[in-house]
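See below for the structure under consideration.
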Amino acid sequence: MSKVAVIMGSTSDLPVMQDAVDILRGFDIEVEMDIVSAHRTPEKLFDFGKNAHKNGFSVIIAGAGGAAHLPGMVASLSPLPVIGVPVKSSNSIDGWDSVLSILQMPGGVPVATVALNGAKNAGILAAQIIGSADKCVLDKVELYKQSLKEKVIKGAEEIKGK
């Protein structure tokens, strides 16, 4: 069974990052959450990044605000795919500093980046990555996407009925 790590720089990121956890659990994917601060716990960051694949993780979702170094630093240490979630934080420049810090990675250190506070999409992307090798997860992703389509069709019908 695949396992996804959902890490964040501080507890203040949890309300945003919970969306990734919820969507992954909806796909019956095992999730482990942790606080791993790039600036306040660098030793923990290095240990996590170097060993995530040895600890059974398939994908890492890393959320961070402000300077947002966590996703990139983890990506520099790990062979696993890393999905960065820029988080609009209290010390943020309207979230743009976080977006650009995660988005502008140097060649050779990719981080897939979702929208500001876009942890739900990070969870879906992680499920799609896992689904590329796991038919059971792929089937659940297909059902989820079908439910999105049905929701839009139902909404369109409701609007036309008014």
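At 7 Å along the Cα-to-beta-carbon direction for both Phe46 and Lys160, put a label point, then send me their distance in nm to one decimal.
6.2
Which percentage, to the nearest 5, of the DSSP beta bridges contained in the chain is antiparallel?
0
Quote the FRET efficiency, to the nearest 0.05, computed for Gln104 versus Lys3 with a Förster distance R0 of 35 Å and r equal to the Cβ-Cβ distance.
0.75
So what's the angle, to the nearest 10 degrees on a 0 to 90 scale, between helix 14-26 and the longest Cα principal axis of the chain?
Tilt of helix 14-26: around 60 degrees.
Could you pull out the pairs from Lys120/Lys140; Lys3/Lys120; Lys50/Lys135; Lys88/Lys140; Lys140/Lys160; Lys44/Lys88 whose alpha carbons sit more than 26 Å apart here?
Beyond 26 Å between Cα atoms: Lys50/Lys135; Lys88/Lys140; Lys140/Lys160.
Please list, ordered by chain and number, the residues whose modelled amide H lies under 5 Å from the amide H of His53; skip anything fewer than 5 residues away on the same chain.
The answer is none.
So what are the ³J(HN,Hα) numbers for the range 41-53, from phi and the Karplus equation (6.51, -1.76, 1.60; θ = phi - 60°), rounded to whole Hz, Gly and Pro as x?
My calculation for the range 41-53 gives 9, x, 5, 5, 4, 5, 4, 4, x, 6, 10, 4, 5 Hz in order.
Cα atoms only, the range 1-135: Rg and Dmax in Å?
13.3, 42
5 Å is the cut-off here: which amide hydrogens, built 1.01 Å from N in the peptide plane, fall below it relative to Gly65, excluding neighbours closer than 5 in sequence?
Amide H neighbours of Gly65, under 5 Å, 5+ apart: Gly9, Val87.
Hey, what angle do you get for helix 135-160 against the long axis of the chain, alpha-carbon based, 0 to 90 degrees rounded to 10?
On a 0 to 90 degree scale, this one is about 50.
Please list 3J(HN,Hα) in residue order for the range 72-86, calculated via the Karplus relation 6.51 cos²θ - 1.76 cosθ + 1.60 where θ = phi - 60°; whole Hz, with x for glycine and proline.
x, 5, 5, 4, 6, 9, 10, x, 7, x, 10, 10, x, 10, x
Give me the percent relative contact order of the chain, please, defined on Cα pairs under 8 angstrom at least 6 residues apart.
It rounds to 23 percent for the chain.
Can you sort Asp97, Asp28 so the residue with the fewest Cβ neighbours within 10 Å comes first?
Lowest count first: Asp28, Asp97.
Coordinate-derived values only; no laboratory data. Note that the structure is a prediction, hence the values are computed from the model and not measured. Because the Cβ atoms are built from the backbone with ideal geometry, glycine has one as well, and the counts that use them run over all protein chains shown.
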